[in-house]
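Remarks on the structure that follows.
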Amino acid sequence: MILSIKLAWKNVWRSKKRTWITASSIAFSVFFACLMQSSQLGSYENMIDNSARFFTGHLGIHQVDFWEDQIIDNSFDQQALLELDLTKPSILMGVPRLSSFALASHGDRTKGAALFGVSLEEEAAFSYLERKLIKGDYNTESGVLMAAGLAANLNLNVGDTLVLMGQGYHGVNAAGKYSVTGILKFPIPALNQGAIYLPLETLQEFLSAPNMISSYSILLEDSQDTEGMKAHMETILKGKELGVKTWQEMLPDLVSSIELDYYGGWVILVILYIVIGFGIFGTFLMMIKERTYELGILNAIGMTKRRVQTMVAIEIFLLIFLGVLMGVLMATPIILYFWANPILLSGDAALAMEKFGYEPIIPFALNFKIFYNQGISIFVIALFLAIYPMLAIKQLKIIKALKE
Amino acid sequence: MKVIELKNLSKIYNPETIPVRAINDVTLSVKEGEFTAIVGPSGCGKTTLLNMIGGLDISSEGSVEVGGVSIQDMNESQLTAFRLQHIGFVFQAYNLIPVFTAKENIEFIMVLQNMDAKTMQERSDDLLDRMGIKNQKNRRPSELSGGQQQRVAVARALAARPKFVLADEPTANLDSGSTEDLLDIMAKLNKEEKITFIFSTHDQRVIDRAKRVITLEDGVIISDEHR
């Protein structure tokens, strides 16, 4: 085995130019594949994170009927959660939320608005709501924070008075006047055009729903670790008339669009792999054709075909390993940079992203799996293509080889 | 003691269509310590005969015995193992491993034989010394002259302590000086260590040194001269 490794290593470096060209072509495909998958997974993580933080949490606890009929009457008393132990290492935090709809009016303008009653302090940590403030004060006891788009539509500014009208708990009329204390700008257009944030108690008072909340949103350390946590929560909530939903259940459209995009990405990767596969195969072909005579000699003087195959297999492994390693080393600093500094889109590209409800950035994911997946994929391709040289050696006829 | 015994050996190409008898009913034996040249015009079957003796090719008819062992019915891997243990090869185009040094090329065979490191070291040093290329031991084939490469090839063939050495046109690519040097070495090995050499050759200088000359024509032995 040592002899085969030694011989293979020397053979790899026998034609340095060819080795570098082959390794570079593998490296570039690994590099592009890693970058592509990192940006893909980064976008998904960002979309999931945004949606979970602003809307649903990775897990949401609701009154059992709420998800089917999302009305204020299907809210629940937050006291029910106080007696439960919802702490677990994989749970980062949880926030109570009350949501409803109302007409928002200022002067002669009226728009429909989504009302979110939140604990502003906790929400600052959960959804980074405070970071969205572009004008005014974040902390308010009885005022409202308005989304910039909605504020512009209603011609409202900080210090103006907003009138809200709607239906409260169990059908009571809900009406109130609130001072606008801050303007929030959201990257997600749906939020920016219609969200109004109020302190939880203020909204509970407006809706005549003291202590009631629509959901308790939970943020997990790992957005994919939802099923296990859901089962855990369901055990805790047994007999409480409360249910748990995962973000995948609450955001099926997001799941579908991620899946669609993911498979689309794979199609591009497969095309890339096919191209690189031909390149690798060309090298293997040359490796055998150029060296038929030499391989015949090795077999003639006593090296068994199995040993010859082992030697060539090691050469292939070394070549692919070198290419994959180079690709990973090239991709790592770039992924690290874009992971820390996502690409900010502007102009038409940004508008197009916003139109689809996405934040106009290209974030990158930093995940060992990205490198691992690409490395393994290339190795599997090489392994498959290595069938040819292995068969060629098996079928090698010494006399024919010596005449090459 | 006979090291090679061929009985009614034939090699027929295209047996189904237009049969060509490259070797036709050859019966021959070679004793230990012989220095034999197989000669004849191009296409007479010299290399084919050598290939069958060396287990590189299989005969269509007849039998080949090496050291009393019939190699006729051996499978491919058995033949490879047999060649490794019992037969040394020297080819026309040197055929050294280009990425290995002279010493590594010689040791290659011994590594395949799983020889222990100390014995291998001693033997390769001894062979390099006897071939007069000790100073070139760390050079790769591309850094050696044709004659030096062929000496490495002879050393490699002897490394495994084979029963005999088959040399197919070993001097074809050498100048006259290198040819004489190589023949001197092989003749000395034959004389002092009783190593059996069988050549296929056109080279008159080789023929002149041979103790036995077998002449082939159209695959048939037309003369077998012992000197």
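Which one is surrounded by the most Cβ atoms within 10 Å (Cβ to Cβ), of the residues in the range A:348-368 that are part of a helix (DSSP H, G or I) and without any contact (Cβ under 8 Å) to a residue 12 or more places away in the chain?
Taking the range A:348-368 and keeping what is part of a helix (DSSP H, G or I), we get A:348-355, A:368.
From what's left, without any contact (Cβ under 8 Å) to a residue 12 or more places away in the chain: A:348-353, A:368.
Numbers: A:348: 8, A:349: 12, A:350: 16, A:351: 12, A:352: 12, A:353: 18, A:368: 7.
That would be A:353.
Looking only at the range B:100-121, count every residue that is within 11 Å of chain A (Cβ to nearest Cβ), touching a helix residue (DSSP H, G or I) at 6+ places or on another chain (Cβ under 8 Å) and in a loop (DSSP other than H, G, I, E, B) and tell me the total.
The total comes to 2.
Does residue B:103 count as farther than 26 Å from residue A:400 by Cα and in contact with a strand residue (DSSP E or B) (Cβ under 6 Å, 6 or more places away or on another chain)?
no
Please find, among A:277, A:327, A:296, the residue that is away from chain B (no Cβ under 14 Å), part of a helix (DSSP H, G or I) and farther than 19 Å from residue A:12 by Cβ. Reasoning before the result, please.
Working: A:327 fails: farther than 19 Å from residue A:12 by Cβ; A:296 fails: away from chain B (no Cβ under 14 Å).
Matching residue, one of A:277, A:327, A:296: A:277.
Residues in the range A:20-32: is at least one closer than 22 Å to residue A:210 by Cα, more than 14 Å from chain B (Cβ to nearest Cβ) and crowded, with 17+ Cβ neighbours inside 10 Å? Quick ask: steps written out before the conclusion?
Pass one, the range A:20-32, residues closer than 22 Å to residue A:210 by Cα: none.
Scanning the range A:20-32, I find no residue that is closer than 22 Å to residue A:210 by Cα, more than 14 Å from chain B (Cβ to nearest Cβ) and crowded, with 17+ Cβ neighbours inside 10 Å, so the answer is no.
Please find, within the range A:290-316, the residue that is surrounded by the fewest Cβ atoms within 10 Å (Cβ to Cβ) out of those that are without any contact (Cβ under 8 Å) to a residue 60 or more places away in the chain and in contact with a helix residue (DSSP H, G or I) (Cβ under 9 Å, 6 or more places away or on another chain). So that I can check it myself, show each step before the final result.
From the range A:290-316, those without any contact (Cβ under 8 Å) to a residue 60 or more places away in the chain are A:290-291, A:294, A:298, A:301-304, A:306; that's our starting set.
So of that shortlist, the ones also in contact with a helix residue (DSSP H, G or I) (Cβ under 9 Å, 6 or more places away or on another chain) come out as A:291, A:294, A:298, A:301-304, A:306.
Numbers: A:291: 20, A:294: 17, A:298: 26, A:301: 25, A:302: 24, A:303: 25, A:304: 17, A:306: 13.
So the residue we want is A:306.
Check whether at least one residue in the range B:60-73 is within 16 Å of the chain's Cα centre (by Cα) and closer than 14 Å to residue B:168 by Cα, and report yes or no.
No - not one qualifying residue is present in the range B:60-73.
Mind listing just one residue for me: the one in the range B:139-171 that is in a loop (DSSP other than H, G, I, E, B) and more than 14 Å from chain A (Cβ to nearest Cβ) and, of those, farthest from residue B:32 (Cα to Cα)? Steps first, please.
If we filter the range B:139-171 for residues that are in a loop (DSSP other than H, G, I, E, B), which is where we start, we get B:139-140, B:144-145, B:160-163, B:169-171.
Now restrict to residues that are more than 14 Å from chain A (Cβ to nearest Cβ): B:139, B:144-145, B:170-171.
Details: B:139: 34, B:144: 32, B:145: 31, B:170: 20, B:171: 23 Å.
Applying the filter and picking the extreme gives B:139.
Pick out, from the range B:188-227, the strands (runs of 3 or more DSSP E) lying fully within it that include 1 or more residues that are of a type in the set (A, V, I, L, M, F, W, C) and closer than 21 Å to residue B:157 by Cβ. Don't jump to the end; show me each part of the working.
Working: elements: B:196-201, B:212-217, B:220-226.
Where strands (runs of 3 or more DSSP E) fall fully within the range B:188-227 and carry at least 1 residues being of a type in the set (A, V, I, L, M, F, W, C) and closer than 21 Å to residue B:157 by Cβ, they are B:196-201, B:212-217.
Would you check if residue A:313 is among the small types (Gly, Ala, Ser) and more than 12 Å from chain B (Cβ to nearest Cβ)?
Working: among the small types (Gly, Ala, Ser): yes; more than 12 Å from chain B (Cβ to nearest Cβ): yes.
Against the criterion (among the small types (Gly, Ala, Ser) and more than 12 Å from chain B (Cβ to nearest Cβ)), residue A:313 qualifies.
Residue by residue, here is whether (1) among the acidic types (Asp, Glu); (2) closer than 30 Å to residue A:338 by Cα; (3) modelled with pLDDT under 90; (4) assigned to a helix (DSSP H, G or I) holds:
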residue	(1), (2), (3), (4)
A:46	no, yes, yes, yes
A:49	yes, yes, yes, yes
A:53	no, yes, yes, yes
A:68	yes, no, yes, no
A:73	yes, no, no, yes
A:81	no, no, yes, yes
A:84	no, no, yes, no
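Considering only the range A:169-185, how many residues are in contact (Cβ under 8 Å) with a residue 60 or more places away in the chain and either crowded, with 20+ Cβ neighbours inside 10 Å or not assigned by TED's automatic domain parsing to the domain that holds residue A:116 (or both)?
The number of residues fulfilling the criteria is 1.
Which ones in the range B:74-99 are closer than 22 Å to residue B:46 by Cα and more than 8 Å from every other protein chain (Cβ to nearest Cβ)?
Scanning the range B:74-99 gives B:79, B:82, B:86, B:87, B:88, B:90, B:92, B:93, B:94.
Does any residue of the range A:45-59 turn out to be buried (at least 16 other Cβ atoms within 10 Å of the Cβ), in contact (Cβ under 8 Å) with a residue 40 or more places away in the chain and within 14 Å of another protein chain (Cβ to nearest Cβ)?
Residues of the range A:45-59 that are buried (at least 16 other Cβ atoms within 10 Å of the Cβ), as a first pass: A:45-59.
Now restrict to residues that are in contact (Cβ under 8 Å) with a residue 40 or more places away in the chain: A:45-59.
Next cut, within 14 Å of another protein chain (Cβ to nearest Cβ) only: none.
Within the range A:45-59 (the criterion being buried (at least 16 other Cβ atoms within 10 Å of the Cβ), in contact (Cβ under 8 Å) with a residue 40 or more places away in the chain and within 14 Å of another protein chain (Cβ to nearest Cβ)), the answer is no, since none of the residues qualifies.
If a residue has to be in contact with a helix residue (DSSP H, G or I) (Cβ under 9 Å, 6 or more places away or on another chain) and at positive phi to count, how many in the range A:102-129 make the cut?
Here the count works out to 1.
Of the conditions (1) at pLDDT below 85; (2) surrounded by 18 or more Cβ atoms within 10 Å (Cβ to Cβ); (3) outside the structural domain of residue A:162 (by TED's automatic domain parsing), residue A:238 clears all except one; give me its number.
Result: residue A:238 fails condition (2) only.
Consider residue B:168 carefully, then state whether it is of a type in the set (Asp, Glu) and without any contact (Cβ under 8 Å) to a residue 40 or more places away in the chain.
No; evaluated as a whole, the condition is false for this residue.
Answer yes if at least one residue in the range B:125-135 is modelled with pLDDT of 85 or more and touching a His at 6+ places or on another chain (Cβ under 7 Å), and no otherwise.
No.
Find the residue count for the range A:330-347, including only residues that are part of a helix (DSSP H, G or I), more than 16 Å from residue A:32 (Cβ to Cβ) and of a type in the set (A, V, I, L, M, F, W, C).
Residues flagged as part of a helix (DSSP H, G or I), more than 16 Å from residue A:32 (Cβ to Cβ) and of a type in the set (A, V, I, L, M, F, W, C) within the range A:330-347 amount to 3.
Hey, does the range A:273-287 have a residue that's among the aromatic types (Phe, Trp, Tyr) and touching a Pro at 6+ places or on another chain (Cβ under 6 Å)?
The answer is yes, given that some residue of the range A:273-287 is among the aromatic types (Phe, Trp, Tyr) and touching a Pro at 6+ places or on another chain (Cβ under 6 Å).
With respect to residue B:95, determine if the residue is at pLDDT 85 or above and farther than 18 Å from residue B:192 by Cα. Can you show your working first?
Values: at pLDDT 85 or above: no; farther than 18 Å from residue B:192 by Cα: yes.
No.
Any residue at all in the range B:60-71 that is in contact (Cβ under 8 Å) with a residue 60 or more places away in the chain, under 23 Å from residue B:153 (Cβ atoms), part of a strand (DSSP E or B) and more than 10 Å from chain A (Cβ to nearest Cβ)? First the steps, then the outcome.
Step one: list which residues in the range B:60-71 are in contact (Cβ under 8 Å) with a residue 60 or more places away in the chain, which gives B:64-68.
Imposing the further condition that a residue be under 23 Å from residue B:153 (Cβ atoms) reduces the set to B:66-67.
Filter once more, so that each one left must be part of a strand (DSSP E or B): B:66.
Still in the list and also more than 10 Å from chain A (Cβ to nearest Cβ): B:66.
Within the range B:60-71, one or more residues are in contact (Cβ under 8 Å) with a residue 60 or more places away in the chain, under 23 Å from residue B:153 (Cβ atoms), part of a strand (DSSP E or B) and more than 10 Å from chain A (Cβ to nearest Cβ).
Check whether at least one residue in the range A:72-88 is within 30 Å of residue A:261 (Cβ to Cβ) and more than 14 Å from every other protein chain (Cβ to nearest Cβ), and report yes or no. Walk me through it before giving the result.
We begin by selecting, within the range A:72-88, every residue within 30 Å of residue A:261 (Cβ to Cβ); these are none.
Checking the range A:72-88: not a single residue is within 30 Å of residue A:261 (Cβ to Cβ) and more than 14 Å from every other protein chain (Cβ to nearest Cβ).
The values are calculated or read from the model by the stated rules, or taken from the named source; none is laboratory data. Here the structure is a predicted model, which means the values were calculated and not measured. As a convention, Cβ positions derive from the backbone with ideal geometry for all residues, glycine included, and neighbour counts pool all protein chains shown.
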